[in-house]
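Enquirer: One structure coming up, written as C-alpha cells, with questions to follow.
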Amino acid sequence: MTPSSIVIVGAGPRGAGLLERIAANAPELYGPALAGRGLDVHLIDPYPAGAGRIWRAEQSPLLAMNSMAADVTLFTDETVQCEGPIRPGPSFWEWTRDHADPDAMEPALGAELRAVTATTFPSRRLQSVYLEWVFGELVARLPDGMRVHVHRRRATGLSEERGRQLVHLDGAPPLPADTVVLASGHLDAAMPPDELALAGRAAEQGLRYLPPEQTTDTDLSVIAPGETVLVRGMGLAFIDLVVLLFEGRGGRFENDGDELRYVPSGAEPVLVAGSPRGAPYHSKTHYGLRAGRPPLPRFLPRAAVDAIVAAHAPVDLREQVWPLMAKEIAWGWYHELFLGHPDRVALPWAGFAERFAEHEWGSPAMAELITAGVPDPVDRINFAALDRPLDGVTAPDLAALQPLVRERIAEDLRQHVDPAHTPHLGAFVAMLSVYAEISRLAGTGVLSARSRAVDLRWWNGFFNGVASGPPGFRVRQLLALSRAGFVRFLGAGMWVDVVDGRFVAGSASLPGAEPLTADVLVDARLPEPSVARTTDPLLASLLCEGAISEDVLVDTDGTLLGSTGLIRVRHADGALVDATGAVHPRRFAVGPHTAVKPGGAFTRPGMNAQSLRYNDAVARAVLRSLPASAAAAA
C-alpha cells in the first residue's frame, strides 16, 4: 500500500518546527495507518535542513544572533498551550552543555562553544549547528511508520492531478503528495515601482544602488575603501552591513576604558546612515528579572480582545485596542520596578497595582498615579521615547548632530545593560504577550482595513524597534565607529534623491542643512513582501493560476488602501485561500510570507510561544487532511 505523503516546501527552522509537530501528533491523528500504510514527509529546500537559507553555516563567522543562548528553542515545553502532546527538547543553551561536542567541530566553532554562557549572543554559524542537530534529533524521534526525506532542490511549481498534489522540482521529476505546506520564509520580490525608478535613475548617471535584500547575499565588493556611502535603514540589516564592512574588512575593536576604540584596516568606507526613526533598534537587555515574570496576560487576555471584537467590529487598533496594549506593557514595566526596585518607588505595590487596574491608560488619573508612585521620570515608561528616540533632536549640520545622536544611543544602551533598569525587561516580556494576542487578532480579519494598513504596520515596527534589537556589544561597536568618524548619523526622517549625477540625502534632524552627497546608496533592509512581485517560481505560478491570492486592503467605503503583499490563508490552520475566496483542503502555508504572522520560527523557552502553538494547529490540520488519517476515517 502506498504511504500517505506530506511535502513541506522549506526546510529551515519553520519547516523543522512543523515537522516536529507533525511527528508529535501523528500517533493520535493518523492512528493505525502509521503502522499499516505509513507516512512519508518530504522536505524541499536547496539549503541545509534545519538551518535553511538564513541560518546556513556558509556565512561570515562575524555575524551573531540577536538572541541569547538561553532564549532559543524549537521544542514545546509545559507552558505551551496546544492540542497536541508536549515533546520537550533542549534549548540552544542546554544543547551547548549537554549534547554538543566541541572536539567534533572545526576549531573556531569548538572554541566558541566552550565559551558560550546562557547570556552569550552566539554566532549564526553556531546556531546553524544547533538547528541542524535539532533536525537530526527530530528525525531520530519519529514514530514508527513515519519517514522523512530531504530534497536539496528548489520547488518550481505545484499542480493537481486526480486529487493528488504534484510538487515540481528543479532538475528532478515531480514529487506526488497528498498534502503540501509552503514554509519557504521571507518572500524574495522584484523591486516596487519607486525602487525601480530610483535604480533606473542611478544607473543612467553611473551611480551604484544596492536594493533591499538579505545583507549576507549582497555583493559589497562594489563599495570601495574610503568612499562615502549613504545607508537608508538602521535595523538589523544595517547592523549586519556594519559588521561586514568594518570587522569584515580587517578592522578591529580594542577596549579603551569603559568604551571601545576602533582600529581601522584602511579598507573601510564611511557610512552616512539614517531612517525614519534615525537610530538603531533598542539594544537587547543584558540582565534578568528581579521580580520574576509578571502575571500575564493581565489586561489583554483573549476574552478582553473578543469582547472588543463583539462590540466594535471592524476594530480600530489604535482606538479600541492600543489602550489595553499600552496598559499591559506598562504593567510588565511597573511590576518589575515596584517589586524589583522597591527603593525607587513611593507607594506600596499592592495599592499601586489596585489603582493601576482601575484607571484607563492615558487618563489623567493614571498619569497622577504614576507620578505619585514613581518619583524619577527615568523610571516611568515613555512610549513616545521608545518609538521615536530622536524626537526634538536637531542640529545645523551633520558634525553638530553626531554627539547629540550618540548621547541618545549611549543612554539607551546604558539602560539596557545596567541592572538598575530591569523594568525594560519587564516591558519586553509583556510585549511578547501582547504581540501574540495582536497577531491572533490580525489574522481573524476583524481589524478595519485602514487599521491593518496603518496601525498594524506601526505596531510591528514599534515591536521590532523595542524587542528585536542587536546585542549591546554591537551598539558599543557602532558608537566606537561613530566616534572614529566611520559611521555618521543622518538623523530621523531621512530622505534620498538623485540630483546632478549624485545621490543626495537629508533628514528632518538637519533642517536647513546642506544635503549630503554620495555615489553609493544602500537600502539596508529586507524587501517589502509582495506576492504580486515574487521571484519565487512556485508562488508566481500559483498566483498566475489564481490558486493563491494576495491580502488586499479595502476600506469600508470601497476605497482600495493597498496590499499587505502577503498570502491569504485561513487563520485557524494556514489553509491556502484562492482568488475566489475558496479554501483548499490540502494546501497550507505558514511563516512570514503569509497574512498570519505568529512570530519567529524559534522562540524563548517557557513563554507559551504563539509560534509553537500555531505550528501545532497547522500540523494537526495537515494530518487531518490526509485520506487515511484517523480524523478522516471518523
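Enquirer: Answer yes if at least one residue in region 170-189 is small (Gly, Ala, Ser), under 30 Å from His416 (Cα atoms), buried (at least 18 other Cβ atoms within 10 Å of the Cβ) and in the same structural domain as Arg56 (by TED's automatic domain parsing), and no otherwise. Before the answer, list the steps.
Expert: To start, the set of residues in region 170-189 that are small (Gly, Ala, Ser) comprises 171-172, 177, 183-185, 189.
Restricting the remaining residues to those that are under 30 Å from His416 (Cα atoms) gives none.
No; the residues of region 170-189 include none that is small (Gly, Ala, Ser), under 30 Å from His416 (Cα atoms), buried (at least 18 other Cβ atoms within 10 Å of the Cβ) and in the same structural domain as Arg56 (by TED's automatic domain parsing).
Enquirer: So, Leu271, is that one outside any helix (DSSP H, G or I) and not β-branched (Val, Ile, Thr) or not? Spell out the reasoning first.
Expert: Numbers: outside any helix (DSSP H, G or I): yes; not β-branched (Val, Ile, Thr): yes.
Considered against the rule, which asks whether it is outside any helix (DSSP H, G or I) and not β-branched (Val, Ile, Thr), Leu271 comes out as yes.
Enquirer: Across region 332-348, what is the number of residues that are among the hydrophobic types (A, V, I, L, M, F, W, C) and either without any contact (Cβ under 8 Å) to a residue 12 or more places away in the chain or in a loop (DSSP other than H, G, I, E, B) (or both)?
Expert: 3
Enquirer: Here's another thing I want to ask about it. Quick test for you: out of Gly163, Gly171, Gly145, Gly185, pick the one residue that is over 28 Å from Asn25 (Cβ atoms) and among the small types (Gly, Ala, Ser).
Expert: Gly171
Enquirer: Out of the residues in region 205-224 that are in a helix (DSSP H, G or I) and modelled with pLDDT of 95 or more, state the one that is surrounded by the most Cβ atoms within 10 Å (Cβ to Cβ). Let's see the steps before the verdict.
Expert: If we filter region 205-224 for residues that are in a helix (DSSP H, G or I), which is where we start, we get 215-217, 220-222.
Next, only the ones that are modelled with pLDDT of 95 or more stay: 220-222.
Working: Leu220: 15, Ser221: 6, Val222: 11.
This residue is Leu220.
Enquirer: Tell me, which residue of region 542-592 that is touching a His at 6+ places or on another chain (Cβ under 7 Å) and either in a strand (DSSP E or B) or in contact (Cβ under 8 Å) with a residue 40 or more places away in the chain (or both) is surrounded by the fewest Cβ atoms within 10 Å (Cβ to Cβ)?
Expert: Keep residues of region 542-592 that are touching a His at 6+ places or on another chain (Cβ under 7 Å), which gives 566-567, 575-576, 578, 592.
Filter once more, keeping what is either in a strand (DSSP E or B) or in contact (Cβ under 8 Å) with a residue 40 or more places away in the chain (or both): 566-567, 575-576, 592.
Values: Leu566: 20, Ile567: 26, Ala575: 21, Leu576: 25, Pro592: 18.
Checked region 542-592; the qualifying residue surrounded by the fewest Cβ atoms within 10 Å (Cβ to Cβ) is Pro592.
Enquirer: Pairs under 8 Å by beta carbon, first residue among the aromatic types (Phe, Trp, Tyr) in region 130-145, partner surrounded by fewer than 18 Cβ atoms within 10 Å (Cβ to Cβ), six or more apart or different chains?
Expert: Trp133/His99
Enquirer: Return the total of residues in region 576-633 being among the basic types (Lys, Arg) and over 23 Å from Glu550 (Cα atoms).
Expert: Qualifying residue count for the region: 4.
Enquirer: On to the next question. With respect to Arg21, is the statement that it is assigned to a helix (DSSP H, G or I) and surrounded by fewer than 21 Cβ atoms within 10 Å (Cβ to Cβ) true?
Expert: In short, no.
Enquirer: Identify, by number, the condition in (1) more than 30 Å from Arg249 (Cβ to Cβ); (2) touching a residue at least 12 places away in the same chain (Cβ under 8 Å) that Met68 doesn't meet.
Expert: (1)
Enquirer: Next up: Residues Val429, Val434, Val454, Val405: which one is over 17 Å from the mean Cα position of the chain (by Cα), buried (at least 19 other Cβ atoms within 10 Å of the Cβ) and either aliphatic (A, V, I, L, M) or at pLDDT 95 or above (or both)?
Expert: Going through Val429, Val434, Val454, Val405 in turn, the sole match is Val405.
Enquirer: Suppose we filter Glu83, Glu94, Glu112, Glu58 for residues that are surrounded by fewer than 16 Cβ atoms within 10 Å (Cβ to Cβ) and either assigned by TED's automatic domain parsing to the domain that holds Gln214 or farther than 30 Å from Gly171 by Cβ (or both); which single one remains? Steps first, answer last, please.
Expert: Values: Glu94 fails: surrounded by fewer than 16 Cβ atoms within 10 Å (Cβ to Cβ); Glu112 fails: surrounded by fewer than 16 Cβ atoms within 10 Å (Cβ to Cβ); Glu58 fails: either assigned by TED's automatic domain parsing to the domain that holds Gln214 or farther than 30 Å from Gly171 by Cβ (or both).
The match here is Glu83.
Enquirer: While we're here: For region 89-116, give me each residue that is more than 28 Å from Thr215 (Cβ to Cβ) and either charged (D, E, K, R) or part of a loop (DSSP other than H, G, I, E, B) (or both).
Expert: Gly89, Pro90, Glu94, Arg97, Asp98, His99, Asp101, Asp103, Arg114
Enquirer: Checking the condition small (Gly, Ala, Ser), surrounded by fewer than 21 Cβ atoms within 10 Å (Cβ to Cβ), within 14 Å of Glu437 (Cα to Cα) and in the same structural domain as Leu425 (by TED's automatic domain parsing), which residue from Ala357, Ala353, Ala313, Ala326 passes?
Expert: None of the others qualify; the one that does is Ala326.
Enquirer: Can you find even one residue in region 393-407 that is among the acidic types (Asp, Glu), assigned to a helix (DSSP H, G or I) and free of Cβ contacts under 8 Å to residues at least 24 places away in the same chain?
Expert: Yes, the conditions are met somewhere in region 393-407.
Enquirer: Regarding Ala547, is this residue at pLDDT 95 or above and either of a type in the set (S, T, N, Q) or over 26 Å from Ser448 (Cβ atoms) (or both)?
Expert: Working: at pLDDT 95 or above: yes; either of a type in the set (S, T, N, Q) or over 26 Å from Ser448 (Cβ atoms) (or both): yes.
Yes, satisfied.
Enquirer: Just give me the residues in region 45-88 being in a loop (DSSP other than H, G, I, E, B) and touching a strand residue (DSSP E or B) at 6+ places or on another chain (Cβ under 7 Å), in sequence order.
Expert: Residues satisfying the conditions are Ala49, Pro61, Leu63.
Enquirer: A follow-up question, please. What residue, of Thr156, Thr179, is touching a strand residue (DSSP E or B) at 6+ places or on another chain (Cβ under 7 Å), closer than 26 Å to Pro212 by Cα and among the β-branched types (Val, Ile, Thr)?
Expert: Sole residue among the options that is touching a strand residue (DSSP E or B) at 6+ places or on another chain (Cβ under 7 Å), closer than 26 Å to Pro212 by Cα and among the β-branched types (Val, Ile, Thr): Thr156.
Enquirer: Among the residues in region 601-608, are any in contact with a Pro (Cβ under 7 Å, 6 or more places away or on another chain) and closer than 30 Å to Gly288 by Cα?
Expert: Here is the first cut: in region 601-608, the residues in contact with a Pro (Cβ under 7 Å, 6 or more places away or on another chain) are 601-602.
Filter once more, keeping what is closer than 30 Å to Gly288 by Cα: 601-602.
Taking every residue of region 601-608 in turn, at least one turns out to be in contact with a Pro (Cβ under 7 Å, 6 or more places away or on another chain) and closer than 30 Å to Gly288 by Cα.
Enquirer: For region 105-127, does any single residue satisfy the condition of being charged (D, E, K, R) and more than 23 Å from Ile54 (Cβ to Cβ)?
Expert: Checking region 105-127: at least one residue is charged (D, E, K, R) and more than 23 Å from Ile54 (Cβ to Cβ).
Enquirer: Please enumerate the residues belonging to region 379-392 that are touching a residue at least 40 places away in the same chain (Cβ under 8 Å) and in contact with a helix residue (DSSP H, G or I) (Cβ under 9 Å, 6 or more places away or on another chain).
Expert: Asp379, Ile381, Phe383, Leu386, Asp387, Pro389, Leu390, Asp391
Enquirer: In region 182-220, how many residues are farther than 30 Å from Gly17 by Cα and touching a Pro at 6+ places or on another chain (Cβ under 6 Å)?
Expert: Narrowing region 182-220 to residues farther than 30 Å from Gly17 by Cα: 191-211, 219-220.
Still in the running and touching a Pro at 6+ places or on another chain (Cβ under 6 Å): 191, 195.
Looking only at that region, the number is 2.
Enquirer: Among the strands (runs of 3 or more DSSP E) confined wholly to region 137-189, which include 3 or more residues that are aliphatic (A, V, I, L, M) and over 15 Å from Arg587 (Cα atoms)?
Expert: 146-151
The values are calculated or read from the model by the stated rules, or taken from the named source; none is laboratory data. None of these values were measured; they are calculated from a predicted model. With ideal geometry, Cβ positions are generated from the backbone for all residues, glycine too; neighbour counts draw on all protein chains shown.
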